[in-house]
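To start, the structure under review is shown below, and the notes come after it.
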Amino acid sequence: MTNDDVLYTLIPLLRARVDEQTLDQGALTPDTRLEQDLHMDSMTIVHVLEDIEESFELAIPDERLSAIYTVGDLADIVRATDSAMKDRAA
(Lines give C-alpha, C1' and ligand atoms only; values in the text may rest on other atoms or scores of the structure.)
Protein backbone atom coordinates (compact mmCIF):
# COMPACT_ATOMS: atom_id res chain seq x y z
CA MET A 1 0.00 0.00 0.00
CA THR A 2 1.54 3.31 -1.06
CA ASN A 3 1.44 6.54 0.90
CA ASP A 4 -0.83 8.05 -1.78
CA ASP A 5 -3.25 5.12 -1.46
CA VAL A 6 -3.44 5.61 2.28
CA LEU A 7 -3.87 9.39 2.02
CA TYR A 8 -6.60 8.93 -0.61
CA THR A 9 -8.60 6.92 1.93
CA LEU A 10 -7.63 8.99 4.99
CA ILE A 11 -8.63 12.40 3.68
CA PRO A 12 -12.40 11.70 3.44
CA LEU A 13 -12.32 10.13 6.92
CA LEU A 14 -10.68 13.26 8.33
CA ARG A 15 -12.99 15.61 6.42
CA ALA A 16 -16.00 13.84 7.95
CA ARG A 17 -14.73 14.69 11.46
CA VAL A 18 -13.51 18.27 10.93
CA ASP A 19 -15.41 21.55 10.87
CA GLU A 20 -15.90 22.83 7.29
CA GLN A 21 -14.49 26.27 8.17
CA THR A 22 -11.26 24.66 9.30
CA LEU A 23 -10.97 22.80 6.00
CA ASP A 24 -11.60 25.96 3.98
CA GLN A 25 -8.35 27.38 5.35
CA GLY A 26 -6.19 24.91 3.41
CA ALA A 27 -5.76 21.51 1.89
CA LEU A 28 -4.98 18.43 3.93
CA THR A 29 -1.36 17.38 3.45
CA PRO A 30 0.90 14.94 5.32
CA ASP A 31 2.22 17.92 7.32
CA THR A 32 -1.25 19.02 8.49
CA ARG A 33 -1.32 18.86 12.28
CA LEU A 34 -4.41 17.26 13.80
CA GLU A 35 -4.74 19.45 16.88
CA GLN A 36 -3.22 22.76 15.79
CA ASP A 37 -4.36 22.94 12.16
CA LEU A 38 -7.57 20.89 12.22
CA HIS A 39 -8.55 21.82 15.80
CA MET A 40 -9.25 18.20 16.72
CA ASP A 41 -9.56 17.32 20.38
CA SER A 42 -8.51 13.95 21.76
CA MET A 43 -11.99 12.43 21.42
CA THR A 44 -12.23 13.43 17.77
CA ILE A 45 -8.83 11.86 17.14
CA VAL A 46 -10.04 8.65 18.82
CA HIS A 47 -13.10 8.63 16.54
CA VAL A 48 -10.87 9.15 13.49
CA LEU A 49 -8.71 6.23 14.62
CA GLU A 50 -11.81 4.06 14.97
CA ASP A 51 -12.89 5.10 11.46
CA ILE A 52 -9.41 4.23 10.15
CA GLU A 53 -9.39 0.82 11.82
CA GLU A 54 -12.79 0.01 10.35
CA SER A 55 -11.99 1.35 6.89
CA PHE A 56 -8.61 -0.36 6.58
CA GLU A 57 -9.69 -3.46 8.56
CA LEU A 58 -6.78 -3.30 10.99
CA ALA A 59 -6.08 -2.72 14.67
CA ILE A 60 -3.66 0.06 15.52
CA PRO A 61 -1.55 -0.92 18.56
CA ASP A 62 -2.18 1.34 21.56
CA GLU A 63 1.53 2.06 22.01
CA ARG A 64 1.57 3.77 18.59
CA LEU A 65 -1.19 6.23 19.48
CA SER A 66 1.01 8.66 21.42
CA ALA A 67 3.07 9.37 18.27
CA ILE A 68 0.20 10.72 16.17
CA TYR A 69 0.45 14.44 15.52
CA THR A 70 -0.06 14.87 11.77
CA VAL A 71 -1.94 13.41 8.83
CA GLY A 72 1.39 11.93 7.74
CA ASP A 73 1.75 10.19 11.11
CA LEU A 74 -1.66 8.59 10.55
CA ALA A 75 -0.60 7.41 7.09
CA ASP A 76 2.68 6.01 8.44
CA ILE A 77 0.90 4.09 11.19
CA VAL A 78 -1.65 2.66 8.75
CA ARG A 79 1.08 1.47 6.39
CA ALA A 80 3.23 0.05 9.21
CA THR A 81 0.28 -1.72 10.84
CA ASP A 82 -0.94 -3.09 7.51
CA SER A 83 2.56 -4.33 6.69
CA ALA A 84 2.98 -5.96 10.11
CA MET A 85 -0.39 -7.71 9.77
CA LYS A 86 0.55 -9.05 6.33
CA ASP A 87 3.91 -10.29 7.68
CA ARG A 88 2.14 -12.17 10.49
CA ALA A 89 -0.31 -13.72 8.05
CA ALA A 90 2.47 -15.00 5.77
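The values are calculated or read from the model by the stated rules, or taken from the named source; none is laboratory data. Since this is a predicted model, take the numbers as computed values, not measurements. With ideal geometry, Cβ positions are generated from the backbone for all residues, glycine too; neighbour counts draw on all protein chains shown. Surface areas here come from the heavy atoms of the whole protein model, side chains and all, with no ligands, DNA or RNA. Shrake-Rupley method; radii C 1.70, N 1.55, O 1.52, S 1.80 Å.
Before moving on, here are some points about what is shown:
- Applying the criterion of being open to solvent by less than 50 Å² (accessible area, probe 1.4 Å) and in a loop (DSSP other than H, G, I, E, B) to the residues of the range 1-28, the residue that is modelled with the highest pLDDT is VAL18.
- Which numbered condition ASP31 fails, given (1) open to solvent by less than 100 Å² (accessible area, probe 1.4 Å); (2) touching a residue at least 12 places away in the same chain (Cβ under 8 Å): (1)
- Restricting attention to the range 35-90, the residues that are among the β-branched types (Val, Ile, Thr), farther than 16 Å from ASN3 by Cα, surrounded by 17 or more Cβ atoms within 10 Å (Cβ to Cβ) and without any contact (Cβ under 8 Å) to a residue 24 or more places away in the chain add up to 2.
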